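The values are calculated or read from the model by the stated rules, or taken from the named source; none is laboratory data. It should be emphasised that the depicted structure is a prediction, and the values quoted were computed from it without experimental measurement. Please note: Cβ atoms are built from the backbone with ideal geometry, for glycine as well, and neighbour counts cover all protein chains shown. Just the protein is used for accessible areas: all its heavy atoms, side chains included, with ligands, DNA and RNA removed. Shrake-Rupley method; radii C 1.70, N 1.55, O 1.52, S 1.80 Å.
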Amino acid sequence: MAATTPPKVLFEHEGVFVHLNTDDEDEPDSLISGVLRILDKDGETMVEYKPLEDTVDPSIMLCAGKDSSSVVEWTQCPSDRSHPPVEPQQSCDTEWDMVNATYFKRKPYANGEGSSYQTQEKSRWAFCVSASDLRSVTMKTEGWTHLVLGLKDDSSLPPLHFHQGGSQEFMACLRRCVHLTECPRDKMTFLVSCHNKALSQSFEHLLDDANFGLVDKLKKDPYTATLGGFSKVTNYIFDAFRGPELEQRERPAEEVSDILGEIIPGLEIDHLEEPGFEVITRVDLGARPEVQRGHPLSLEEWHKYQDQEGRVRKVAELKDKIFKGGLCHVVRRDAWKFLLGYYPWNSTHEERKSLQRRKTDEYFRMKLQWKSVSEEQERRNSRLRDYKSLIEKDVIRTDRTNKFYEGMENPGLILLHDILMTYCMYDFDLGYVQGMSDLLAPILYVMENEVDAFWCFVNFMEEMHENFEEKMQGMRLQLVQLSALLRLLDLAFWNYLEAQDSGYLYFCFRWLLIRFKRELHYQDVMRLWEVMWTGLPCQNFHLLVCCAILDSEKQKIMDRHYGFNEILKHINELSLKLDIEEILHKAEAISLQIKNCKDLPSTVIEILGVRLSGEEGLHPHSPPASPCDRSILELSDYGILTPPLHTSGELVSNGHGQLSEPTTSNGYKVAFIS
């Protein structure tokens, strides 16, 4: 068996007490002293408390305050001075300020019964919990500081009293490992979230290739394997959707209302199980038009779009050709630099050479920053160590079936590692998050040049940055937007997914996170990316690509009555089985179908950047909507069914697909019928 790596101690402090708070004067063991630690165990942050054994028992020391009645059963031992003096802590309330510190030794127990009882009592208070299981930390000061660690299961650990200081150091170390936010209702309570590590662990499981056994596990035990791969991401997104109020353990319907509350401020939703109306929108999108795809742009055609000095002409026409057919591989090394914004379209050959010289100097200055860090410096820079460790772990697993990255000591792997490390210097706040190596690998494969690949990757990350941020605002927004689009395109399918607890489309998480990198063969990934980089035919075209894939799979999912687990399994097994040309063909057709619709909800217009002539509101043929009506319509645009919705009146269909004015005073039961 392989040896277990010992945990790394990030923080350690003795003299942390648990108060038993007994009222029995005959009970001598009123305090338990122990050691509090923060550990890094295989990349997971742990908080551990261990009571000290009698052989090294600092609990013989008791800190006496103004009221020393708690030491009536203790006898002073002036000869024992083996322990350091206690550093007094000052509080705002001078009545609780510590005035001295005295050492005491417990009286011996009669009949020798004390030792066994004491050991059992102490071990009862030991704990070791993962930081990811912490919900909150409450800090209070009463002469000394004591902390209460709350867990996500609504329980709490025993209060830890810092008689000898160290509470601030503990909190400072904890802040380096997790994200602490002040609770709005209690300034002394901090809410805990492990964004970066939770995200990295999610990627580690969710992004694993089939080579790493996920598909085999799914075949043998789809329930366990599916949740094993997706549960961490799902739980993380649920936490992100709930926002800072992590202590509220809510039902799925209430989690929906949290999202809606952010979309429409002030909207209140009653979740009582009673009959009510659904919020329903039906828009006639018309027939889906036929589209024709083109052939990849050749090197000869590419040169025709450049003048003698190297400026690219007719950029709009060129982008349209690339969107329609992509690029021949021989063109990609040059064309991607323009598509990704590294080279300006109107730059000349000489201007690009000058730009490349400047960017080369800038790149190697940043590379030198991490290359010149000594081992001693690295030991004092935990974030850099974490980035480096994660990059080294990911690089050896990235695209190893591609000849450019296969084998050990491969120069491609070295370049991949160095570019990612240099990006940490470029954007140290973001640093490295698992999944970013997937975005870099095809770019480096095409460029075959360290500097060019770095700056193209930088520009790609400008678009993808929010996908990897701690709060995951980008992922959160895209999932809501995708839900709105899918509901517009196929309400019946969306309702089916909602009934299977899949309305949030978590199974599309990996698609959106790394732009289908793990779903397609390498050549298809490059074709899809260059098509999307044109910015055509609308913004957020990648969401329509998701819709196109789901449109092809919906009948199978519904006909076979797939549930939550089966949907996850089915979507995951699509990896490397998708036809990129069929997907692009259908996604383009969907975009034209939506553009041709005259009654698009404003939400969809905003998501895709579609502009319709003569349209000002959500439904241009309807009377201007009041603020309440507009909120209701926007709610329906986001496509989330939460029957019934309650506000403060009742809207009734007038039989023509419109809503009448409020007619009651107790609460809106909303009906939107087209």
* Restrict the check to the stretch 343-352 and report whether at least one residue is in contact with a helix residue (DSSP H, G or I) (Cβ under 8 Å, 6 or more places away or on another chain), open to solvent by 40 Å² or more (accessible area, probe 1.4 Å) and part of a helix (DSSP H, G or I). => no
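Each row is one residue, and each column tells you yes or no for (1) of a type in the set (Ser, Thr, Tyr); (2) assigned to a strand (DSSP E or B).
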{"position": "Trp125", "(1), (2)": "no, no"}
{"position": "Cys128", "(1), (2)": "no, yes"}
{"position": "Ser136", "(1), (2)": "yes, yes"}
{"position": "Thr141", "(1), (2)": "yes, yes"}
{"position": "His146", "(1), (2)": "no, yes"}
{"position": "Gly150", "(1), (2)": "no, yes"}
{"position": "Asp153", "(1), (2)": "no, no"}
{"position": "His161", "(1), (2)": "no, yes"}
{"position": "Gly165", "(1), (2)": "no, no"}
* Qualifying positions in the stretch 571-602 - farther than 26 Å from Glu519 by Cα and open to solvent by 50 Å² or more (accessible area, probe 1.4 Å) -> Lys595, Asn596, Lys598, Asp599
* To do: Look through Glu53, Glu12, Glu48 and report the one residue that is modelled with pLDDT of 50 or more, surrounded by 11 or more Cβ atoms within 10 Å (Cβ to Cβ), over 30 Å from Tyr387 (Cβ atoms) and of a type in the set (D, E, K, R).
  => Glu53
* Structure fact -> When Arg379 is run through (1) of a type in the set (D, E, K, R); (2) touching a Lys or Arg at 6+ places or on another chain (Cβ under 9 Å); (3) open to solvent by 40 Å² or more (accessible area, probe 1.4 Å); (4) in contact (Cβ under 8 Å) with a residue 24 or more places away in the chain, the failure sits at (4)
* Flag if Asp153 is under 26 Å from the mean Cα position of the chain (by Cα), modelled with pLDDT under 85 and of a type in the set (Asp, Glu) -> yes
* Yes or no: Cys194 modelled with pLDDT under 85 and either open to solvent by 50 Å² or more (accessible area, probe 1.4 Å) or within 30 Å of Phe507 (Cβ to Cβ) (or both)? -> yes
* Asked: Among the residues of the stretch 144-170, how many are under 15 Å from Val18 (Cα atoms) and touching an Asp or Glu at 6+ places or on another chain (Cβ under 7 Å)?
  -> 2
* **Candidates Ile414, Ile391, filtered to the one that is in contact with a Leu (Cβ under 8 Å, 6 or more places away or on another chain) and closer than 24 Å to Met447 by Cα** => Ile391
* Residue in the stretch 604-618 that is assigned to a loop (DSSP other than H, G, I, E, B), among the β-branched types (Val, Ile, Thr) and either within 27 Å of Ile322 (Cβ to Cβ) or modelled with pLDDT under 90 (or both) present -> yes
* Single residue of Ile391, Ile414, Ile443 found to be of a type in the set (Val, Ile, Thr), under 27 Å from Phe338 (Cβ atoms) and either open to solvent by less than 30 Å² (accessible area, probe 1.4 Å) or assigned to a helix (DSSP H, G or I) (or both) -> Ile443
* Regarding Glu462, is this residue on the phi > 0 side of the Ramachandran plot and open to solvent by 30 Å² or more (accessible area, probe 1.4 Å)? -> no
* Asked: How many residues does the stretch 531-540 hold that are open to solvent by less than 10 Å² (accessible area, probe 1.4 Å) and either aromatic (Phe, Trp, Tyr) or more than 15 Å from Ala587 (Cα to Cα) (or both)?
  -> 0
* Asked: When you look at Ser156, is it open to solvent by less than 10 Å² (accessible area, probe 1.4 Å), free of Cβ contacts under 8 Å to residues at least 40 places away in the same chain and not hydrophobic (A, V, I, L, M, F, W, C), yes or no?
  -> no
* Kindly indicate which of Gly407, Gly325 is open to solvent by 30 Å² or more (accessible area, probe 1.4 Å) and not acidic (Asp, Glu). => Gly407
